[in-house]
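To keep things clear, I will list the structure first and then write my remarks on it.
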Amino acid sequence: MPSANPVTTFDEYQLRARGRLSTARETIKVYRDMAGAAPHWNPAHVLQAECRAAIDLLDKMTERLDRKLVVTLIGPSGAGKSTLLNALSGDDRLSRAGDDRPTTKEVVVFCRSRSDADLLLSGLTPDTVSVAQRPGAAGLEHVILVDTPDMDSTESEKFHPVLEKTLGLTDVLVCVLNAENPKRRDTIVFLKRFVDLFPGSALYVVLNRCDRLPEDELKATILPDLRNHLEASWQREVDHIFCISARSHLNDPRWPEDEKPFHDFDQYPQLRDLIYGTLSRGGRFVNTRVERADHLVELVRRSVRSNVAEVKDRLIGVRRDVLVLEQKATTAATAAFKESGTQMMTGVQAMFYQNLAGRWWGPVGWLVALWARFLMAGAGVVATLRFGNPVLQLWGLVSSLVRYRKTRSAVEEAATGGEMAPVMLKYRFTLQQAWPDIADKLIALGFNGGVRDAAAVLPDEKALQQHLSASWKSKMEAVMEQRAASVSGFFLQLVFNLPTLAVMGLFAFQSVKSFLFQSTLSSGYFLHAAVSVLMVWLLSFVLFQVIVRFASGRNLLDRTFRRLVDGVDPDGSELLSRSIVTEIDAVLRLNDV
């Protein structure tokens, strides 16, 4: 019978851990990419650098997920890092300790086999790493210990690159401080950028040489004061501080007469049990890396939100100012359409009649269709029908073709909104007038001087032209459809077609009647009938044109213009393909991820 609580295998545990690391990586990539969408905002470049560093750390953690936990000792000269490593290893000579500085000039790795240190060896040059192998060493089943060069020695600049590469492969950080001077400002400041990268469960502070201080003062004053100082300087809680005397745990302490311990208060056993016990348990090295991955995500999130929080409210205000300016510029641009409206009248009339031709039926509908064709071809068509001089007929044909081209051009102009150059000039001029004040506000909120150049936020010429043409065309078509529908109702069509149909019906009735009763109608009767029908037909069409005149022309252009102006979105203009609004939105969205 299967167990009610099946034990998770190591492979399953590692698979889940890889998923967590991958999720953390993708989350940080989102922050990086969003920060990249605001290239003019200076903090975005810092945030991108932080994200890249965090992603690099996560990649290294993923690469060594099945490797042993790396516990690294770091601290200033004289703090006793090497002495502590020697005590933990049981070998007084493992890492050099002494009075000269720096005592540790290379990274010292204490592990069971050289393969445990492969990743460290691949990232550092051979002359900067020393590996101490102890195949039977107890406690090193899942842990390797690393001693680092002194961070404040006379050769510190030489060792800093080595130190940073080592810490990039570190899972647990042990900060070793000298109890006789634990609050050295340079030490605490230097350590902050490293301790920030570790969660509380992977960060330990060791106060070495505590045997040189009175026990009561150490417990009542020095230790609480140090904790407060570290938490204030590092701006985080410090969960683990161990007071130890590392030298007391060497095989041969060789105490000078004036340096023997004042007391026996020593938390070294607890520190050793933590490293060789808790951290060395199976699966703990995987869990530690997952915790650190979560910590990196939270670290990036806090950094992002702290940067955005400082400017959020004011940035929203500037965004509103930019949108108001864009709306003003867009309104000025659309006004240019109205100024060029007189050039579009012919095209608008032709388009409107073409629309009506597909809606009207009956005798008036036939004339509407004929008139729509006539407006396109122009009076030159009539010229080709003239009898007489062949030269005039030829000229009529040529003029009809010319007129057709001009009308077609007018139709295209009406559909697209006409000439774009004046429109774009008006738009740019309006923006450039007010932009310096907005640019100053943006710079005060962390944007770089590049925003002073209005060209940085002006649209691409082709994109603006396409937008205006598409907007004008859609509004024109909507208005024209509405107007054409209003003058094409069934009742209106019946009213205008009925007189012609009635007259035609009357004469048709008389013709049929005379045929049935074998009476003959004169030719004058049919001529009179034809003239009567034609006059009523044309009169109906003329009256219809009066209505069309009010429905189209300037009135239609004005209505289209008003729709274009009303369509300017107060919450965001589509006219700017490189709008600073896009960058502002990217900054504000960073706070919501």
Can you compute the charge dipole magnitude of the stretch 67-279 about its Cα centre, using +1 on each Lys and Arg Cβ and -1 on each Asp and Glu Cβ, nothing else charged? Give it in debye, rounded to the nearest 20. 520
Show me the ranking of peptides 83-91, 24-32 by mean Cβ neighbours inside 10 Å, starting with the highest. 83-91, 24-32
Using θ = phi - 60° and the Karplus curve 6.51 cos²θ - 1.76 cosθ + 1.60, what whole-Hz ³J(HN,Hα) does each residue of the stretch 31-46 get, with Gly and Pro shown as x? 4, 4, 5, 5, 5, x, 7, 10, x, 8, 8, 4, x, 4, 5, 5
With θ set to phi - 60°, apply the Karplus curve 6.51 cos²θ - 1.76 cosθ + 1.60 along the stretch 192-197 and write out the HN-Hα couplings as whole Hz, x wherever there is a Gly or Pro. 4, 5, 8, 5, 4, 7
If you add up the charges near residue 111, with Lys and Arg at +1 and Asp and Glu at -1, over every other residue whose beta carbon is less than 9 angstrom from its beta carbon, what do you get? +3
Considering amide H positions built from the backbone, and no H for Pro or chain starts, which residues 5 or more places from residue 267, or on another chain, come under 5 Å of its amide H? 243, 244, 245
Under 19 Å between alpha carbons, and skipping anything fewer than 8 positions from residue 475 in its own chain: which lysines qualify? 338
FRET efficiency (residue 93, residue 260; Cβ distance; R0 22 Å; to 0.05) is 0.45
Rough spin-label spacing in nm, given labels placed 7 Å along Cα→Cβ, for residue 180 and residue 270: 2.5
Cα coordinate range in the stretch 67-279, projected on the principal axes (Å, largest first): 46, 38, 36
Using amide H atoms built 1.01 Å from N in the peptide plane, name the residues 5+ places from residue 132, or on other chains, whose amide H lies under 5 Å from its own. 109, 110, 111
Can you tell me how the stretch 191-320 classifies by the Cα gyration tensor, rounded, prolate or oblate, using a/c under 1.5 as the rounded cut? oblate
Can you list residues whose amide H is under 5 Å from residue 151's amide H, if they're 5+ apart or on another chain and H is modeled 1.01 Å from N? 75, 77
Phi to ³J(HN,Hα) by Karplus 6.51 cos²θ - 1.76 cosθ + 1.60 over the stretch 354-369, Hz, x for Gly, Pro: 5, 5, 5, 4, x, 10, 8, 10, x, x, 5, x, 5, 5, 4, 5
Rounded to whole angstrom, the alpha-carbon centroid of the stretch 156-230 lies from that of the stretch 298-322 at a distance of 33
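FYI, it's all coordinate maths here, none of it is from the lab. Treat the numbers as computed from the prediction; the structure is a model and nothing was measured. Neighbour counts are summed over all protein chains in view; Cβ atoms, including those assigned to glycine, are modelled from backbone coordinates with ideal geometry.
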